[in-house]
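The values are calculated or read from the model by the stated rules, or taken from the named source; none is laboratory data. All of these numbers come straight from a predicted model, not from anything done at the bench. Glycine also receives a Cβ, built like all others from the backbone with ideal geometry; neighbour counts cover every protein chain displayed.
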Amino acid sequence: MSVRVLGVDLGDRRIGVAVSDSAGRLALARVTIPRRAGSDDHRRQLVDLARQEGVTHVVVGLPLGLDGRDGPAARQVRAEVQALTPLLQAAGADVELWDERFTTVSAHRHLHQAGMSGRRRRAVVDQTAAAVLLQAWLDAAAARG
């Protein structure tokens with residue numbers, strides 16, 4: 001069965017996006033979408049990408065605090081997901097929030113270990129963070145069976 005899942009790391013200025021392979025086993029960094037204050041163009045781009053990739057599920061990172069509670073960033077993500085969900089559902093994709101604590105830190109570490117310079121790392125860290133969170137979700141889904 002072919003399953004495509006989109007992983008989304010919502011940031012204030014950039015949105016990292018990753019997509020699973022067609023088997024739903026491997027997360028691949030895909031793109032970074034700029035996010036501009038006062039514009040909802042990023043929503044259209046996410047919906048277009050979901051349609052292009054034929055995804056059935058979108059996993060959005062939820063930046064919980066270290067204590068597991070919602071802070072300002074988590075509340076902002078929840079508000080954005082509330083606006084995005086009907087658009088993505090109309091494109092045929094369910095939406096789920098996923099705990100993304102430490103994904104950006106992990107992405108920076110992976111890129112640094114790969115020898116990527118600071119400037120090049122900044123250009124791809126958001127999509128790499130999306131791939132880290134999507135891979136965690138895919139692994140958990142596989143363990144659930």
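Report yes if some residue within the range 65-75 is at pLDDT 95 or above and farther than 18 Å from Val132 by Cβ; otherwise report no. There is at least one residue in the range 65-75 that is at pLDDT 95 or above and farther than 18 Å from Val132 by Cβ. Scanning the range 129-142 for residues that are surrounded by fewer than 24 Cβ atoms within 10 Å (Cβ to Cβ) and either touching a Leu at 6+ places or on another chain (Cβ under 8 Å) or of a type in the set (S, T, N, Q) (or both) yields Gln135, Leu138. Screening Pro34 on (1) at pLDDT 95 or above; (2) under 14 Å from the mean Cα position of the chain (by Cα) shows it passes everything except condition (1).
Within the range 120-142, can one find any residue that is modelled with pLDDT of 90 or more, of a type in the set (Val, Ile, Thr) and part of a helix (DSSP H, G or I)? Yes, the range 120-142 has at least one match. Within the range 1-47, restricting attention to residues that are among the polar types (S, T, N, Q) and loosely packed, with under 13 Cβ neighbours inside 10 Å, the residue that is nearest to Glu80 (Cα to Cα) is Ser39. Across the range 93-107, the qualifying residues are those that are in contact with a helix residue (DSSP H, G or I) (Cβ under 6 Å, 6 or more places away or on another chain) and assigned to a helix (DSSP H, G or I), and the one among them that is modelled with the highest pLDDT is Ser106. Can you name every residue in the range 37-52 that is assigned to a helix (DSSP H, G or I) and over 14 Å from the mean Cα position of the chain (by Cα)? Of everything in the range 37-52, those that are assigned to a helix (DSSP H, G or I) and over 14 Å from the mean Cα position of the chain (by Cα) turn out to be Asp41, Arg44, Asp48, Arg51, Gln52. As a summary of the residue check, Asp67 satisfies the conditions (1) over 15 Å from the mean Cα position of the chain (by Cα); (2) under 11 Å from Leu6 (Cα atoms); (3) not polar (S, T, N, Q); (4) not in a helix (DSSP H, G or I) except for the one numbered (2). Looking at Val59, Val19, just one residue is part of a strand (DSSP E or B), touching a Phe, Trp or Tyr at 6+ places or on another chain (Cβ under 7 Å), at pLDDT 90 or above and hydrophobic (A, V, I, L, M, F, W, C), and that residue is Val59.
Here Val55, Val81, Val59 are screened, and the one residue that is surrounded by 17 or more Cβ atoms within 10 Å (Cβ to Cβ), over 18 Å from Val124 (Cα atoms) and in contact with an Asp or Glu (Cβ under 6 Å, 6 or more places away or on another chain) is Val59.
Contact annotation: residue pairs with Cβ atoms under 9 Å, 6 or more positions apart or on different chains, pairing a residue in the range 68-84 that is basic (Lys, Arg) with a partner that is assigned to a loop (DSSP other than H, G, I, E, B), are Arg78/Asp70.
Looking across the range 15-43, just one residue is free of Cβ contacts under 8 Å to residues at least 40 places away in the same chain, among the small types (Gly, Ala, Ser) and touching an Asp or Glu at 6+ places or on another chain (Cβ under 9 Å), and that is Ala37.
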